[in-house]
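Have a look at the structure below, then the notes.
The values are calculated or read from the model by the stated rules, or taken from the named source; none is laboratory data. As the structure is a prediction and not an experimental result, all values here were calculated from the model. Reconstructed Cβ throughout: ideal geometry from the backbone, glycine too, with neighbour counts over all protein chains shown. Ligands, DNA and RNA are stripped out before the accessible areas are found, and what is left, the full protein with its side chains, is counted by its heavy atoms. Shrake-Rupley method; radii C 1.70, N 1.55, O 1.52, S 1.80 Å.
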Amino acid sequence: MNEIIQTIAVYALPLIFAITLHEAAHGYVARIFGDPTAYQAGRVSLNPARHIDPVGTLLVPLVMLLGAKLLGGTGMLFGWAKPVPVDFGRLRRPKKDMLWVALAGPAANLAMALIWTLLLRVYAGSGMHEYFWFDMAVAGVNVNLVLMAMNLLPVLPLDGGRILFSLLPNRAAWHYARIEPYGLIIVLLLLVTGALGLFLEPFLSFGHMVVSWFL
């Protein structure tokens, strides 16, 4: 039980900020490109309380973490925050600017992974022997890289799907958009069949490569 409580304490802060700042980044970039919807709703904020979804930010990651611990595995930790409201029609160039709004979330996760990496370097050079903070920094790197990779999957309504939609020619993009109602079902099928890791691997490898430059 003590080990489970310690694991929750280690992951809590990195996970909450990884999920909520991902959403805030979408709203911030949307405002830059002409859509103030998220800003007007108070969602362009570094305050996690404005973004936390009780189920997606707290319950689901907690259940996955506990399940992995009880079963003796590592599992895949992920979750979601309250989606930031973005009115793509208010962007100055809706289809083109959608790319930058979608990319902002994964980019925020990569930036946070780098921040946790720099904290690891500071810790290693400080001579401290309190491993709680070391474990938290490692968790921060891993959680953010997994969330970045998950969101870059080219499946609507994930960010990677929005990015792909933006890059496709108009006719192909509108045909591609028809899969959006089934996007989350596709992700769940990939998860339960064990195929999800194969699709995440290129994005995770990229993230680990970038992080390694700062170690």
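For Val138, the conditions (1) without any contact (Cβ under 8 Å) to a residue 24 or more places away in the chain; (2) over 19 Å from the mean Cα position of the chain (by Cα); (3) open to solvent by less than 60 Å² (accessible area, probe 1.4 Å) are fulfilled apart from (2).
Do the conditions hold for Arg162, that is, is it of a type in the set (Lys, Arg), out of contact with any helix residue (DSSP H, G or I) (no Cβ under 9 Å at 6 or more places or on another chain) and either surrounded by fewer than 22 Cβ atoms within 10 Å (Cβ to Cβ) or touching a residue at least 60 places away in the same chain (Cβ under 8 Å) (or both)? Taking the combined requirement at face value, the residue does not satisfy it. Flag set for Val155, criterion: surrounded by 15 or more Cβ atoms within 10 Å (Cβ to Cβ), touching a residue at least 12 places away in the same chain (Cβ under 8 Å) and either under 19 Å from Ile115 (Cα atoms) or touching a Gly at 6+ places or on another chain (Cβ under 9 Å) (or both). Looking at (1) open to solvent by 80 Å² or more (accessible area, probe 1.4 Å); (2) in contact (Cβ under 8 Å) with a residue 60 or more places away in the chain, which one does Gly207 not meet, given that it meets all the others? All conditions are met except number (1). Every listed requirement among (1) more than 25 Å from Pro48 (Cβ to Cβ); (2) touching a Leu at 6+ places or on another chain (Cβ under 9 Å); (3) of a type in the set (Lys, Arg) is met by Arg171 save one, (2). Looking only at the stretch 33-46, residues that are open to solvent by 70 Å² or more (accessible area, probe 1.4 Å) and outside any helix (DSSP H, G or I) come to 1 in all. Applying the set (1) touching a helix residue (DSSP H, G or I) at 6+ places or on another chain (Cβ under 7 Å); (2) surrounded by 14 or more Cβ atoms within 10 Å (Cβ to Cβ); (3) modelled with pLDDT of 80 or more to Asp87 leaves exactly one unmet item: (2). None of Ile179, Ile115 is under 12 Å from Val211 (Cβ atoms) and open to solvent by 30 Å² or more (accessible area, probe 1.4 Å) except Ile115. Being closer than 22 Å to Ala30 by Cα and touching a Ser or Thr at 6+ places or on another chain (Cβ under 6 Å) is a property that Met98 has.
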